[in-house]
1. Which residue fluctuates the most in the chain, going by a Gaussian network model with Cα springs under 10 Å, if the choices are P282, P385, P219?
2. On a 0 to 90 degree scale, rounded to 10, what angle separates helix 10-22 from the longest Cα axis of the chain?
3. For the peptides 406-416, 192-202, what is the packing order when you average, over each peptide's residues, the other Cβ atoms within 10 Å and list the highest mean first?
4. For the stretch 283-335, what D do you get in µm² per second when you plug the Kirkwood radius from alpha-carbon pairs into Stokes-Einstein at 37 °C and 0.692 mPa s?
5. Which peptide among 303-313, 177-187 comes first, and what is the full order, when sorted by highest mean count of other Cβ atoms within 10 Å?
6. Which angle from 0 to 90°, rounded to the nearest 10, does the C-alpha axis of helix 386-399 make with the longest principal axis of the chain?
7. Measure off, as a whole percent, the carbon and sulfur share of the 1.4 Å-probe accessible area of the stretch 1-67, all protein chains present.
8. Which of rounded, prolate, oblate describes the stretch 6-49, given a ≥ b ≥ c as roots of the alpha-carbon gyration tensor eigenvalues and a/c under 1.5 marking rounded, otherwise prolate only if a/b is larger than b/c?
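The values are calculated or read from the model by the stated rules, or taken from the named source; none is laboratory data. Not measured: the values here are computed from a predicted model. For neighbour counting, all protein chains shown are included, and Cβ atoms are generated from backbone atoms with ideal geometry for every residue, glycine included. Ligands, DNA and RNA are excluded from the accessible area calculation, which covers all protein heavy atoms including side chains. Shrake-Rupley method; radii C 1.70, N 1.55, O 1.52, S 1.80 Å.
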Amino acid sequence: MTILIAGAGIAGLTLGLTLHQIGIPFRIFEAVRQLRPLGVGINLQPNAVRELFDLGLENPLNALGVATQSLGFYTRTGHEIWTEPRGTAAGYNWPQISVHRGLLQMLLYETLVTRAGEDSILTGHRATEFAQTTSGAALLVETPKGRSEITGDAVVAADGIHSALRAQMYPNEGVPVWGGAILWRGTTQAAPFLSGADMILAGHDTQRMVVYPISAPDPRTGSATLNWIAERRVDPTLGWRREDWNRAADLEDFLPSFETWKFDWLDVPTLIKGADVIYEYPMVDRDPVAQWTQGCVTLMGDAAHPTYPVGSNGASQAIVDARTMGACLRDHRDVQGAFVAYENTVRPRTTQVTLANRGSGPDAILQMVEDRCAGRFDDIHRVVPRRELAAHAAKYKSLAGLDKDALNAQPAIIGPV
């Protein structure tokens, strides 16, 4: 069989590497003419890191990112609410890795070209439509030379939250759903904070910061690349601009709201002002749908389950999608049966995660403390008992497939190359 993949993001490239590993022919069609390392930082959870290690990427991935050691929740004044170990520090068999999204995408791309050849990925080919055929499916693409139709045994839509192929399946869905939160994202060269390998969230539902390193400190300067996200909620009736990772933001749109956020261990306004470029986009998702698969066509990644960037789950789930789909294609005789098996495995969990993230997911602990004491306390455990904090963290891990004992005991989806 030959699988036609729309999109060369993390989902599509991981699927390409997976199909090459198990010997299934494929081609990837990407809209942009040249891939570049765009974007800012992301987190890869241990379940996704395991899959990338199985694809033979352990050494370059470790060199590219930072093994996150802890996740801490703080008030808007910098007081600690709850901190827990992450990755191998928490007992997982694999680390949690914080990495620049664009550099990860380029690692996947370059590895795939090396293994499968340059003609495995066609850039400048924008997928616009699919069609079912008597022998499988066809993908319609727009190129600089015009429109063309490519036939194969199946089509996989990995073309993101604005997926043209999902829009064909659900023509009345409309634009993504926005609840009023705007994210400003950037990276800054700065001195490491706390242990140098920590991820922190500070604030509450209407205003918060997320900060974590995505590089080791430079031995010459001592500075690391710190990824940060400033979030603020506004009146959703004001409308929103279409999200775009490449649109520069205006510092004055949000910096005044964070001018007083100077903690003993982190100066937030100085961190923000140190960024070369700041990106802005509204925090959006889509309502879960009841079906991803139509015949020999299916959805994956953000085309299937776009969710709020809460719980460090988006890129990780896209990687798990790709590996699960590969295993189903390997184990089933027909494409349609494989796609149904993949969807039945993945969709129920991603639906739960999408809905949980609308309620702030694990980050809801911030608003819990804000509601109970306005973020002021002498002893946090008098505000929220430790067992309640631990139970809240464990509940989301279980929901997202990140329970430590269960993941460590889980057989490999496909196994190493």
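1. Judging by the Gaussian network model, the answer is P219.
2. Between helix and principal axis, roughly 50 degrees.
3. 192-202, 406-416
4. This corresponds to a translational diffusion coefficient of 267 µm²/s.
5. The densest-packed peptide leads the list: 303-313, 177-187.
6. Around 10 degrees separate the two axes.
7. Looking at the stretch 1-67 in its full context, I get 47 percent from C and S.
8. oblate
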